[in-house]
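Have a look at the structure below, then the notes.
The values are calculated or read from the model by the stated rules, or taken from the named source; none is laboratory data. What you see is a predicted model, and the numbers here were worked out from it, not measured in a lab. For neighbour counting, all protein chains shown are included, and Cβ atoms are generated from backbone atoms with ideal geometry for every residue, glycine included. SASA here: full protein model, heavy atoms, side chains in, ligands and nucleic acids out. Shrake-Rupley method; radii C 1.70, N 1.55, O 1.52, S 1.80 Å.
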Amino acid sequence: MSVLLPSLRGLFRDEDVSLLVDLRRDLHRHPELSWKEHRTAARLVDVVKSLGAVEVRTVANTGVVARFAGRDRHAPLVAVRGDIDALPIEEATGLPFTSTSPGVMHACGHDIHGTWAIGAALLLARQPAAGDVLVVLQPAEEVGEGAKAILDTGALDDVKAIFGGHVDRRFAVGQVVADAGPLAASADTFDIELLGKGAHGARPHESADPIVGAAALISALQTIVARRIDPAAAAVVTVGSIHAGTASNIIPERANLTGTLRATTPETRATIGNEVKRIAESIAESYRLTARVTVNLGTPPIVNPAEGSSWARQAAAAVLGEAAVVPFGLTNMGGEDFAFYLERIPGCFMRIGAREEGGERTAAHSPRFTAAEESIFVGAAVLAESARVASAALSAA
Ligand code: NI
């Protein structure tokens, strides 16, 4: 069938292709927002049971962890993860299996990611890894909460390696990125409240003006990336909201700012958070204001470890050929909560090409985003093989 790349034709039977294409289209038709993936989780529980999972657990509300038996029950446990939540976007793809939920859409390809995990389960049931494999169907990635919630349940405590990926239309179907090093950025936020002294707009000398302080602060925050971070490193400090004042002739008591912080290494992440605090407090002092600063830690950066990355590259080359493994060649300042797994468990997060021939490079989170159907089989095969390679390597160690 044309939906299968030639290199994958030996791996998937016609009935596998139908099962996975139907599943993906069904998930796409019925997208559910973070922490509301009830139908999705129920559907996936049915499928993993039908594929022969030896244990199926519902964890963290709408998460599912299914165990597929390896050849040796004493061999190390590994995991593959697919995230399953959708976004509050009105779909505009015009696909025949377009969303039936108004204002909700799989605009980030998590319909494909969930299907990858199921496809990997199917392949692992047929040709098991050395040890058992946990198939993790994770809710609430878009809000950066699901991975941590699943880890907090203890369901992955014995896992020795974990693999996951994201569809990416910057790469053609059949291309896989599994570089060691930074692959996604940390995503933290900050809140700053500048407290001053209100006064009549005609008598500014009686005020401590938080609006003037906020103006100085916004400019000064730009120097963090420009003058504190190595130009060869990647970082973002964005002020995304500012609120102050009620009328043209009143100097208000306070100004509130919020923003986002992105970095690709733990070191840069720590520096930009500390600098936001230091600069806000210093500017406040020089403008006779008080600053209350909160940095809210979100997802850490994804930094693929060397060994996990080599397992994934070996797996991708085995199923697709050496030429399929391509370098990222980009810096991604988006966040991805797979980072929480990699803080505790070795493994690799991949970018899986999802652009069909002649297709556009539409970005995820667009109402016109869709991943090429062929990418279902690439992700499924690479995740299954990554689990086998890691399981074999860990068993031999
Ligand atoms: Ni996504």
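List of remarks:
- Of the residues screened, Gly165 is not one that is outside the structural domain of Ser391 (by TED's automatic domain parsing), modelled with pLDDT of 95 or more and small (Gly, Ala, Ser).
- Enumeration of residues in the range 321-348 that are crowded, with 18+ Cβ neighbours inside 10 Å and among the polar types (S, T, N, Q): Asn332
- The range 35-47 - residue that is over 21 Å from the mean Cα position of the chain (by Cα) and within 24 Å of Val143 (Cβ to Cβ) and, of those, least open to solvent (accessible area, probe 1.4 Å): Val45
- One residue stands out in the range 126-147 among those that are within 16 Å of the ligand (Cβ to nearest atom), of a type outside the set (A, V, I, L, M) and more than 9 Å from Asp83 (Cβ to Cβ): the one that is most open to solvent (accessible area, probe 1.4 Å), namely Glu145.
- Condition met for Ala120 (in contact with a helix residue (DSSP H, G or I) (Cβ under 9 Å, 6 or more places away or on another chain) and free of Cβ contacts under 8 Å to residues at least 60 places away in the same chain): no
- The set of residues in the range 4-34 being in a loop (DSSP other than H, G, I, E, B) and surrounded by fewer than 17 Cβ atoms within 10 Å (Cβ to Cβ) consists of Arg9, Gly10, Arg13.
- Scoring Ala316 on the criteria (1) part of a helix (DSSP H, G or I); (2) open to solvent by 30 Å² or more (accessible area, probe 1.4 Å); (3) touching a residue at least 60 places away in the same chain (Cβ under 8 Å) leaves a single failure, condition (2).
- Here the condition is being within 16 Å of the ligand (Cβ to nearest atom) and either open to solvent by 60 Å² or more (accessible area, probe 1.4 Å) or in contact (Cβ under 8 Å) with a residue 40 or more places away in the chain (or both); of Thr294, Thr290, Thr370, it holds for Thr370 alone.
- Selection of the range 67-76 for residues being in a strand (DSSP E or B) and open to solvent by less than 20 Å² (accessible area, probe 1.4 Å) yields only Phe68.
- Of all residues in the range 81-114 being β-branched (Val, Ile, Thr) and away from the ligand (no atom under 14 Å from the Cβ), the one that is surrounded by the fewest Cβ atoms within 10 Å (Cβ to Cβ): Thr100
- Among residues of the range 184-205 that are touching a residue at least 24 places away in the same chain (Cβ under 8 Å), those with a beta-carbon under 8 Å from a residue that is assigned to a helix (DSSP H, G or I) and exposed (fewer than 15 other Cβ atoms within 10 Å of the Cβ) at least six positions away or on a different chain give the pairs Ser186/Pro266; Lys197/Glu206; Ala199/Glu206; His200/Glu206.
- Reported count of residues in the range 48-66, each being part of a loop (DSSP other than H, G, I, E, B) and closer than 19 Å to Glu141 by Cα, is 3.
- Leu95 at pLDDT 95 or above, in the same structural domain as Ala380 (by TED's automatic domain parsing) and over 23 Å from the mean Cα position of the chain (by Cα): yes
- Residue in the range 327-344 that is part of a strand (DSSP E or B) and within 11 Å of the chain's Cα centre (by Cα) present: no
- Search result, residues across the range 72-90 that are closer than 19 Å to Arg25 by Cβ and under 17 Å from the mean Cα position of the chain (by Cα): Gly82, Asp83, Ile84, Asp85, Ala86, Leu87
- Residue match in the range 187-209 (condition: within 16 Å of the ligand (Cβ to nearest atom) and either open to solvent by less than 10 Å² (accessible area, probe 1.4 Å) or assigned to a strand (DSSP E or B) (or both)): yes
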